[in-house]
1. Restricting attention to the stretch 271-280, does a residue exist that is open to solvent by 30 Å² or more (accessible area, probe 1.4 Å) and modelled with pLDDT of 80 or more?
2. Of the residues Ala225, Ala196, which single one is open to solvent by less than 60 Å² (accessible area, probe 1.4 Å), more than 19 Å from Gly39 (Cβ to Cβ) and at pLDDT below 75?
3. Could you please give the count of residues in the stretch 161-187 that are farther than 19 Å from Gly134 by Cβ and modelled with pLDDT of 85 or more?
4. Any residue in the stretch 225-237 that's under 18 Å from Ile278 (Cα atoms): show its pairings with residues that are open to solvent by less than 30 Å² (accessible area, probe 1.4 Å) and part of a loop (DSSP other than H, G, I, E, B) at Cβ separation under 8 Å, as long as the two are six or more apart or on different chains.
5. Quick check, is Leu60 at pLDDT below 50, open to solvent by 50 Å² or more (accessible area, probe 1.4 Å) and closer than 18 Å to Glu96 by Cα?
6. Looking only at the stretch 92-113, count every residue that is open to solvent by less than 10 Å² (accessible area, probe 1.4 Å), free of Cβ contacts under 8 Å to residues at least 60 places away in the same chain and either assigned to a loop (DSSP other than H, G, I, E, B) or out of contact with any Lys or Arg (no Cβ under 8 Å at 6 or more places or on another chain) (or both) and tell me the total.
7. Looking at the stretch 36-64, which of its residues are of a type in the set (Asp, Glu) and in a helix (DSSP H, G or I)?
8. Six or more apart or on different chains, Cβ atoms under 6 Å: show the pairs whose first residue is in the stretch 114-135 and open to solvent by less than 60 Å² (accessible area, probe 1.4 Å) and whose second is polar (S, T, N, Q).
Amino acid sequence: MGARRAVRRAAARLAGVCVAAAAAVVLGAASPQADIGQGLMDWQLGRPAEAFGHWRQAALAGDARGALYIGTLFDTGNGVAPDCRQAMAWYARAAELGSAPGAFNVGVLYDSGLCGPENLPAAASWYARAAAGGFGRGAYNLALLYEAGSGVPVDRARAAALFRTAAERGITAARGHLVSFGRPVIRAVRPRENPAAQAFAQAQAVLLSRGPADAARMVALLRQAAEQHDPLAEYDLGYCYQRGMGLPANALQAMTFYRRAVADASDDSVRAIAQSGIGSLKTGAGG
């Protein structure tokens, strides 16, 4: 049991640090979006203090990504002194703003015992919240708890159902557990994901966690998503062209992708964000 718990902790920790910041695509108003974008640019340029400030502004304005990114900074000690209590507080704030990965990360900290005494019942509660928000890793970790009776009563039926949910959401490790429960192995259908969203998330991960050498890869991933008419990726690609991030600055291309984002957006907040990009080009701001 101890070995299995150690494996679960390691897997949860890896997911929490490396995946969550990319997975949160929670849209705010135009101003928080601008703060997020400016923060990402500052991060790429090696200005973590400035990035922190912009993400904090976005978080305080109600953007879950800002809170999630700040939590990741405190969790990993990037740009700030590592502080698990601050990380947990910001992850919890992200969860309150609708971020399932934020809820998952709070669960990870309770599960791992890396931020005070281990609290498995609390971990189970936060994993359940992440799972309810569509985060497959939350369903998987909660299934492990029900399978082992860690922090919750042993419930193999519920564990099997959660492993199935996790497998449907792309967590391949869950498929092996389904076999052990005598359940058929199913193909991951990823009901809440699509190639454009995955490419956009990967681009965000590259920009957040690495430096200028990876900016070209970020642009390639954003372009891949934009080719599938993902409006947020189209906006971000326009932003890259406007700022010269990962490619030469080109105001005409920036305008093209901002306009595509406006045309493809089905959400008013995304449309407003893209229109603000067009406005900044017309006034010469932010170039």
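The values are calculated or read from the model by the stated rules, or taken from the named source; none is laboratory data. It should be emphasised that the depicted structure is a prediction, and the values quoted were computed from it without experimental measurement. Cβ placement follows ideal geometry from the backbone for every residue including glycine, while neighbour counts extend to all protein chains displayed. Side chains are part of the model used for accessible areas, which takes the heavy atoms of the whole protein and leaves out ligands, DNA and RNA. Shrake-Rupley method; radii C 1.70, N 1.55, O 1.52, S 1.80 Å.
1. Looking for residues that are open to solvent by 30 Å² or more (accessible area, probe 1.4 Å) and modelled with pLDDT of 80 or more, one finds none in the stretch 271-280, hence no.
2. Just a single option satisfies the conditions, and that option is Ala196.
3. 0
4. As it stands, the answer is Pro231/Ala265, since those pairs meet every condition given.
5. For Leu60, the condition - at pLDDT below 50, open to solvent by 50 Å² or more (accessible area, probe 1.4 Å) and closer than 18 Å to Glu96 by Cα - is not met.
6. 1
7. Residues satisfying the conditions are Asp42, Glu50.
8. Leu120/Ser150; Tyr127/Asn141
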